[in-house]
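Asker: Quick one: the structure is below, questions incoming.
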Amino acid sequence: EAKAKGRNTFHFYSQELNAAANERLFIENELRIGLKEKQFVVYYQPQVDSRTHQVVGYEALLRWFHPTEGAIPPDKFIPIAEATGLIVELGEWVLQESCDFAVRLAEQGLENNISINLSARQFKDSSLVTTLSKMIIKSGVSAKRLHLELTESMLMGNVEAAITQLHELKALGISISIDDFGTGYSSLSYLKRFPVDILKIDRSFVKDIPEDTNDMEITAAIIAMAQKLKLDVVAEGVETIEQMQFLQNNNCFIVQGYYFSKPIAEHELPNLYERLNELANSEVTS
Ligand code: C2E
Ligand code: MG
Ligand code: MG
Ligand code: MG
């Protein structure tokens, strides 16, 4: 029942409190073991140019396959990894995997971008730039292929420190995306001060298109604003052809969502290419 109420609900029963605390402790312990025993896998969700059906990039999304609990979703373990500091080690591993993946793609002639989610703790870490710089050299990845996804709240705390960190990351040749854009509370005047490259429109605005006219107005406004600020824009959570077409009509062409593909393991890439071909054909004939 605690699950159904969501993690932001307060529980007034000590029994529930205990259960929640126990689950946290359990996950914290299992995270350490899971890291050692390689229970984690990085999945990749394509970002597709809806005009050509070409993959332009992938978002790296962490998956945890626990030996007895099965798949544990990121929303359940990332906050605990963040609170305990384990996210730094886990996040570094995701960065390393993503660099290696980008290199394997490049070896096949595929110039795809890889977007990696950074946690607040990783972003604040003063060693992030050095770690990344070493990783880039060691893996041989082209830094311009790497996109780091941050959220608005991560930038709004200490604005000056955030701007400095962003400049140092960008000096490595990396691009910066604002994830879940529109759900935080960054003011537009601040947005201009941050050296960011891409806005990702949050899924919550996309999911009720074309029924919710408010969401359609907001989505169109975000796209128009991104264009004015000369930022690229990616739409998240695109599940239907209607949503894709609405975005196209409003000049947002790079989309990510179940319409094209769920996050997949690397070995599933051939199936993805096949599906994208089929979709291209069916959209033409429909
Ligand atoms: P996010 O970065 O906003 O990632 C997008 C989430 O939306 C992913 O959930 C993805 O599977 C899901 N999604 C994509 N397209 C659709 C769609 O069409 N419909 C629906 N219903 N969902 C869609 P996921 O993989 O469960 O990840 C949840 C969150 O966990 C991510 O949100 C991100 O904040 C965090 N996360 C995942 N991997 C990492 C990581 O390696 N490091 C950090 N720090 N956070 C991560
Ligand atoms: Mg993301
Ligand atoms: Mg997102
Ligand atoms: Mg999200």
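The values are calculated or read from the model by the stated rules, or taken from the named source; none is laboratory data. Note that the structure is predicted; figures quoted are calculated from it, not measured. Neighbour counts are summed over all protein chains in view; Cβ atoms, including those assigned to glycine, are modelled from backbone coordinates with ideal geometry. For the accessible areas, the whole protein counts, side chains as well, though only heavy atoms, and no ligand, DNA or RNA atoms are used. Shrake-Rupley method; radii C 1.70, N 1.55, O 1.52, S 1.80 Å.
Asker: Mean separation of Cα pairs under 8 Å and 6+ residues apart, divided by the residue count of region 165-277: what relative contact order is that in percent?
Answerer: Normalised by residue count, the contact order of region 165-277 is 20 percent.
Asker: Further, regarding this structure: For the chain, what is the calculated [θ] at 222 nm in deg cm²/dmol (nearest 500), taking -39500 (n - 2.57) for each run of four or more DSSP H residues and dividing by its residue count?
Answerer: Taking each H run of at least 4 residues, the total per residue is -15500 deg cm²/dmol.
Asker: Let me ask you something else. Tell me the label-point distance for the pair residue 249, residue 84, using the 7 Å Cα-to-Cβ offset, in nm and rounded to one decimal.
Answerer: Distance between label points: 4.9 nm.
Asker: Ok, one more. Show the residues, 5+ positions off or on another chain, whose built amide H is closer than 5 Å to the amide H of residue 264.
Answerer: 44, 45
Asker: Label-point separation (nm) for residue 273 and residue 229, each offset 7 Å from Cα along Cα-to-Cβ?
Answerer: 3.6 nm
Asker: Let me ask something else. Are there GluC sites (Glu not before Pro) in region 201-286 that DSSP marks as loop and that have at most 12 other Cβ atoms within 10 Å, and which are they?
Answerer: Listed in order of number, the matching sites are 211.
Asker: Assigning unit charges at the beta carbon (Lys, Arg +1; Asp, Glu -1) and nothing else, what dipole magnitude in debye, to the nearest 20, does the chain show about its Cα centre?
Answerer: With Lys and Arg at +1 and Asp and Glu at -1, about 780 debye.
Asker: Still on this model: Can you flag which of 76/170; 170/230; 228/262; 76/207; 138/192; 76/192 are past 24 Å Cα-Cα?
Answerer: Table pairs above 24 Å Cα-Cα are 76/170; 228/262; 138/192; 76/192.
Asker: For the chain, what is the accessible area per residue in Å² when the probe is 1.4 Å?
Answerer: That works out to 53 Å² per residue.
Asker: Ignoring any ligand, DNA or RNA, what whole percent of the accessible area of the chain comes from carbon and sulfur when the probe is 1.4 angstrom?
Answerer: The value for the chain is 52 percent carbon and sulfur by accessible area.
Asker: List the chymotrypsin sites (Phe, Trp or Tyr not before Pro) within region 122-214 that DSSP assigns to loop and that have no more than 16 neighbouring Cβ atoms inside 10 Å.
Answerer: 185
Asker: Separate question: Under 1.5 on a/c is rounded, so check that first for the chain, then, if it is not, pick prolate when a/b is larger than b/c and oblate when it is not; a ≥ b ≥ c are the square roots of the alpha carbon gyration tensor eigenvalues.
Answerer: rounded
Asker: Let me have the relative contact order for the chain, percent, based on Cα pairs under 8 Å that are six or more residues apart.
Answerer: For the chain, the relative contact order is 17 percent.
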